[in-house]
Amino acid sequence: MVDIRKVGIIGAGQMGNGIAHVFALAGFNAVLNDINDEQIDKAFSVIEQNLARQVAKDKISAEDAQATLGRIGRSNQINDLADCHMVIEAATENIDLKKKILADLCMALNKDALVATNTSSISITALASSTDRPDKFIGLHFMNPVPVMQLVEVIRGIATSRETFETGKALVTQLGKTMAVSEDFPAFIVNRILMPMINEAIFTLYEGVGTVSAIDTGMKLGTNHPMGPLELADFIGLDTCLSIMQVLYEGLSDSKYRPCPLLIKYVEAGWLGRKTGRGFYDYAGDVPVATR
């Protein structure tokens, strides 16, 4: 297996900052990269808050928290990742954007370095084809929020070598996470099951079967889910939900994966959930209020 000591993460959004957090906490040196300095500042603020929460719950010591922060570097240039042993791409769920980032990355990266993607739905094989090292490319799909959620989906593309695959699996173990190995099919395991449920909940709202509150209350109390599907959709981001449903619909050519028109409308309106302050709930006040 490849010896991984320094890890780069491209994309300082909610997934990227969480991935940097768990790698640094596990003793790896991490570099958090984003073209937007403001986004990096926000990411470091979130990491500090999450570490403080872990300290308050006695999950880590204050010394561990400080050491973790000290192991995370910041970068707004792709060339800063040149000496990383592995780089994980955690950009927006858009295949063209991801392919461009990966192609640019490989021009800067050491030839022996591994590359991973945190995509939640896009073909690992397709993304690997935009790199100069498809044998050294793997999918490591972390769940959100990364510091809390235990699971990582490990996905090998058609060209992923056994060495890369074993290294990816070993990393998950070193992070103290649990892996689920998935074949390279659209949306893998978790989102292939989860997203159609969320989409069906949106259809249920769209068709007037129930209100936002009725649907979420029904699923929380009727199936013991910690969050209702519409609340969860807002937490994930409606744009991400739509992207994954489109990957499923186009990749599997089955009408049961057709995105709900209401989901499309909300994304067109810019109502993307928590991150924009409005989705199936309005987040302007202290308590989220259902919008339908």
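Where a number appears in this text, it was derived from the coordinates with a stated rule and is not lab data. This one's a predicted model, so the numbers in the text were calculated from it and none came from an experiment. Please note: Cβ atoms are built from the backbone with ideal geometry, for glycine as well, and neighbour counts cover all protein chains shown.
Couplings for segment 200-205, taken from phi via the Karplus curve 6.51 cos²θ - 1.76 cosθ + 1.60 with θ = phi - 60°, read 5, 4, 5, 4, 4, 5 Hz in order; Gly and Pro are left as x. Segment Ala214..Ile264, full-extension length gain: 15.8 nm, with 0.36 nm per residue of separation and the alpha-carbon distance subtracted. Here the residues Val31, Val87, ranked from fewest to most Cβ neighbours within 10 Å of their Cβ, fall in the order Val31, Val87.
With a simple spin-label model that places each label point 7 Å from the Cα along the Cα-to-Cβ direction, the separation between Ala56 and Ala170 comes to 3.8 nm. Site pair Phe185 and Gln49 shows an inter-label distance of 3.8 nm when each label is modelled 7 Å from Cα along Cα→Cβ.
Between Glu250 and Lys42, the contour length at 0.36 nm per residue exceeds the Cα-Cα span by 71.4 nm.
Here each label is just a point 7 Å from Cα along the line to Cβ, and for Val289 and His225 those points are 2.5 nm apart.
Which of the residue pairs Lys169/Lys220; Lys99/Lys275; Lys59/Lys169 have a Cα-Cα distance greater than 28 Å in the structure shown? Beyond 28 Å: Lys169/Lys220.
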